[in-house]
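The values are calculated or read from the model by the stated rules, or taken from the named source; none is laboratory data. The structure presented is a predicted model; accordingly, all values stated were derived computationally and were not measured. Here the Cβ is made from the backbone with ideal geometry for all residues, glycine too, and neighbour counts use every protein chain on show. Remember, those area values only see protein heavy atoms, side chains included, never the ligands or the DNA or RNA. Shrake-Rupley method; radii C 1.70, N 1.55, O 1.52, S 1.80 Å.
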Amino acid sequence: MHPVPLPVALPGQTRVWAASVAENAAAATARRGEPGRTESLRADRFWRFADVDRFLVAHVCPRDILGTVPGTPPARLIIDREPCAACGGPHGRPCLPGRPVPFSLAHAGDLVLVAVAPVPVGVDVADLPSDALGPAVMSGLHEDERAELPALPRPARAAAFARCRTRKEAVLKSTGQGLAHGTRQPYVGTAVEPARTAGHPVYDLPVPSGGVAAPALRTG
């Protein structure tokens, strides 16, 4: 596996790595047994080979990164899930049992991202959507964000929406509640710079795919 650290300055020891699915799929498939039985069963449910490859890279790649942090060989790392902060179910933030190393992962298209930080962290990545942003898509945004998008020039709206959505999902991942309560809150804005979010600073990331990405830290 060949994850590459993104050359971006983030607070503290926060770092984000990127990995190409196409370049790492063969290596991830060869290590299919490492993620554990539960994750292997999840991989078996995908019908498309591309989806299987993306899932395996996303769940093997963190082991190579995290294995260098706590000093445990990647193949022996156990990755689990914290209880969901919203419902208590077993689908909260990913974690290393007994090891305080907050991390988050995301994938879209050919890209997998892994973020590691000294505090709870969330990361999200997305391809740019089409220019057709209908009411159903817009309904998941804060009311101020829904007002901001139509005021932008039409060619700029898709990128602004994608920025906004990845910022939101990164913040919600950092809290451990995910999408349980929807995505209207918090307000993160659609502008080129993210809005300030109390207790959850969020940052935009340039990514190799040409899409958009954002990590968020839980500091409050």
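Converting phi to 3J(HN,Hα) with the Karplus coefficients 6.51, -1.76 and 1.60 and the offset θ = phi - 60°, the range 111-126 yields 10, 10, 10, 10, 10, 10, 8, x, 10, x, 9, x, 9, 9, 9, 8 Hz in sequence order, with x at every glycine or proline. Modelled this way, with points 7 Å down the Cα-to-C-beta line, the labels at ARG32 and SER139 are 4.0 nm from one another.
Computed about its Cα centre, the charge dipole of the range 144-220 is approximately 140 debye, with only Lys, Arg, Asp and Glu carrying charge at their Cβ. The Rg/Rh ratio of the chain, with Rg taken over Cα atoms and Rh as the Kirkwood radius over Cα pairs, comes to 0.96. With each label modelled as a point 7 angstrom along the Cα→C-beta vector, the ALA195-HIS2 pair spans 4.2 nm.
Taking only protein heavy atoms and a 1.4 Å probe, the accessible area of the range 79-220 is 57% carbon and sulfur.
Per-residue ellipticity at 222 nm for the chain, helices alone: DSSP H runs ≥ 4 residues times -39500 (n - 2.57), over residue total, nearest 500 deg cm²/dmol?
So the calculated ellipticity at 222 nm is -10000 deg cm²/dmol.
Once the 1.4 Å probe is applied to the protein heavy atoms, the chain comes out at 50 Å² accessible per residue.
Whole number please: convex hull volume per residue of the Cα set in the range 72-182, in Å³? Please report the intermediate quantities before stating the final value.
Working: hull volume 13.7 nm³, N = 111.
In the range 72-182, the Cα hull volume divided by residue count equals 123 Å³.
For GLN185 and ALA9, the difference between the fully extended length at 0.36 nm per residue and the C-alpha to C-alpha distance is 60.7 nm. With a Förster radius of 25 Å applied to the beta-carbon distance between ARG76 and GLU23, the computed FRET efficiency rounds to 0.50.
Within 10 Å, count the other beta carbons around each residue, average over each peptide in 192-199, 205-212, 169-176, and list them highest first. Walk me through the numbers before you get to the answer.
Numbers: 192-199: 13.1, 205-212: 17.2, 169-176: 24.4.
Order by mean packing, descending: 169-176, 205-212, 192-199.
Semi-axes of the equivalent ellipsoid of the range 159-220 are 18, 12, 11 Å, computed as sqrt(5λ) over the eigenvalues of the C-alpha gyration tensor in descending order.
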